[in-house]
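A short write-up of the structure that comes next.
Values quoted throughout were computed directly from the atomic coordinates according to the rules given, and no laboratory measurement underlies them. Nothing here was measured: the structure is a model prediction, and the numbers come from that model. Please note: Cβ atoms are built from the backbone with ideal geometry, for glycine as well, and neighbour counts cover all protein chains shown.
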Amino acid sequence: AASAMWGGRFAGGPAAIMQRINASIDFDKRLYAQDIRGSKAHCRMLVRQSILTQEDGDSILAGLDTVLAEIEAGDFPFSTALEDIHMNVESRLAALIGEAAGRLHTARSRNDQVATDFRLWVRDAVDGMDAALAGLVEALLNRAEEHAATVMPGFTHLQAAQPVTFGHHMMAYVEMISRDRSRLADARKRLNECPLGSAALAGTSFPIDRHATAADLGFAGPMRNSLDGVSDRDFALEFLSTSAICAVHLSRLAEELVIWTSAQFRFVRLSDGFTTGSSIMPQKRNPDAAELVRAKTGRVIGDLNALLIVMKGLPLAYSKDMQDDKEPVFEAADTMELAIAAMTGMISDMTVNAEVLRAAAGAGFTTATDIADWCVRAINMPFRRAHHVAGSLVKLAEDRGIGLEDLTLADMQGIEPGITAEAMAVLSVDSSVASRTSFGGTAPNRVREAVAAARKSLNGG
Ligand code: ARG
């Protein structure tokens, strides 16, 4: 039989395969709360504008509440023949209240309806992700504060470079995640405009009040162009791109956890709660959660790509292609929720092996830059020459199989007679990090300052 919703000009019903490719109810049922909220706002406005009678309006609102309760109770008969969440809700409303249900769709199209529902959903997802990221920042800040002065090797090329503090390393991620949060806030501003009332594409001849429905739904105002209102999905793309960038940050931290928990590094130990064993090798404590955060980043990047590609060739205004906007967004939101929670758990629970970090901090001649800097500062040597002197000291220590700090003053003076006993002090990893007091540097006091500033802005300061 032809569709009750749009079948007027059809004699026959859709082929089974047509129904399968066309139906979105299996995934867009997740929009039910937004769909009903949007319909209620639309209905209230129609009554206020005398487009609907108070009586019809009241029965629609009561009916929609019943539908909502049925869905939430888990006993709603979702139907593939009814294609999507919008027609499932409306058809159930008709079964509950009769003819008046057919008046709800006055001055509205599924095109502006779905764009509105989806914006409401993404707005909630943005808020949820932001709250989760605030929790992760808090966890990172706690570890940073605890380990503001814990020395560790800083790397470039994954080769020991210069000593840094573990707190400084954690704070680097606080910066990244904080920028992700600011991208979310920025995206939220742009998405917070209401497409409802764009109707199918051209607006409507009914005297609707778009400002009222926008305000009712918590939007800053109505979208200014009806064609744009029903046909762009940049708000979803911004959510996905922000998610993808954030996922890349999580993935890099996850990668570091994988490296740091290896027997070769032993920088940190993940808790039992965030590791798994091996069914054959009894000694194993595998960082599966970190590996999966790293892996799932691929999905989120894929979700962004998927929707960019769906959108790139579409002429204005709505095309059914746009129904495929939802699954990538749902997948990315679910994946991010899981990844952020797992990362927060790993960071909160991990044990930081300060002694191992300290021993590693000095390995690989990481204070070579400090001795070069000393030559510049104390005996006014040009940096290029100082670099050479320090390089010769490294070679000497390396040939002897000892660390820079194990060289004697006589050893050093054999290479550069200007070096004095005072130079020996700069070779320790503690003095190295303590000396890095430039703004944004790794000196423990700078790290403590950075933690305090980040805490303040986390608490809305
Ligand atoms: N399920 C559809 C979607 O998600 C709703 C809009 C349908 N509009 C239409 N013109 N067929 O995009």
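Okay, residues lined up against (1) farther than 24 Å from D56 by Cα; (2) within 15 Å of the ligand (Cβ to nearest atom); (3) hydrophobic (A, V, I, L, M, F, W, C); (4) more than 28 Å from the chain's Cα centre (by Cα):
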site: F78; (1), (2), (3), (4): yes, yes, yes, yes
site: A81; (1), (2), (3), (4): yes, yes, yes, yes
site: I85; (1), (2), (3), (4): no, yes, yes, no
site: G98; (1), (2), (3), (4): no, no, no, yes
site: D117; (1), (2), (3), (4): no, yes, no, no
site: W121; (1), (2), (3), (4): yes, yes, yes, no
site: D124; (1), (2), (3), (4): yes, no, no, no
site: G128; (1), (2), (3), (4): yes, no, no, no
site: L133; (1), (2), (3), (4): yes, no, yes, no
Checklist entry - In segment 40-53, is there at least one residue being within 16 Å of the ligand (Cβ to nearest atom), in contact (Cβ under 8 Å) with a residue 40 or more places away in the chain and crowded, with 20+ Cβ neighbours inside 10 Å? => result yes
Next on the checklist: Filter segment 302-317 down to the residues that are touching a Ser or Thr at 6+ places or on another chain (Cβ under 7 Å) and farther than 20 Å from S226 by Cα and list them by number.
Outcome noted: L304
Checklist entry - Is it the case that M281 is assigned to a loop (DSSP other than H, G, I, E, B) and either in contact with a strand residue (DSSP E or B) (Cβ under 7 Å, 6 or more places away or on another chain) or away from the ligand (no atom under 16 Å from the Cβ) (or both)? => result yes
Item to check | segment 137-160 residues that are hydroxyl-bearing (S, T, Y), paired with ones that are assigned to a strand (DSSP E or B) (beta carbon under 9 Å, 6 or more apart) | outcome: T150/T165; T150/V352; T156/Q162
Checklist entry - Of the residues T276, T344, T261, T297, which single one is in contact with a Lys or Arg (Cβ under 7 Å, 6 or more places away or on another chain), within 30 Å of E146 (Cβ to Cβ) and either among the hydroxyl-bearing types (S, T, Y) or crowded, with 22+ Cβ neighbours inside 10 Å (or both)? => result T261
Item to check | Residues located in segment 100-113, provided they are touching a residue at least 60 places away in the same chain (Cβ under 8 Å) and within 11 Å of the ligand (Cβ to nearest atom) | outcome: S109, N111, D112, Q113
Item to check | Output for segment 237-267, where each listed residue is polar (S, T, N, Q) and under 19 Å from the mean Cα position of the chain (by Cα) | outcome: S241, T242, S243, S251
Next on the checklist: With at positive phi and small (G, A, S) as the only criterion, which of A199, A247 stands out?
Outcome noted: A199
Next on the checklist: Yes or no: segment 86-101 includes at least one residue that is on the phi < 0 side of the Ramachandran plot and not in a helix (DSSP H, G or I).
Outcome noted: no
Checklist entry - In segment 284-293, which residues are surrounded by fewer than 21 Cβ atoms within 10 Å (Cβ to Cβ) and not in a loop (DSSP other than H, G, I, E, B)? => result N286, D288, E291, L292
Item to check | Residues that are in a helix (DSSP H, G or I) and farther than 26 Å from F330 by Cα, drawn from segment 17-52 | outcome: C43, R44, M45, L46, V47, R48
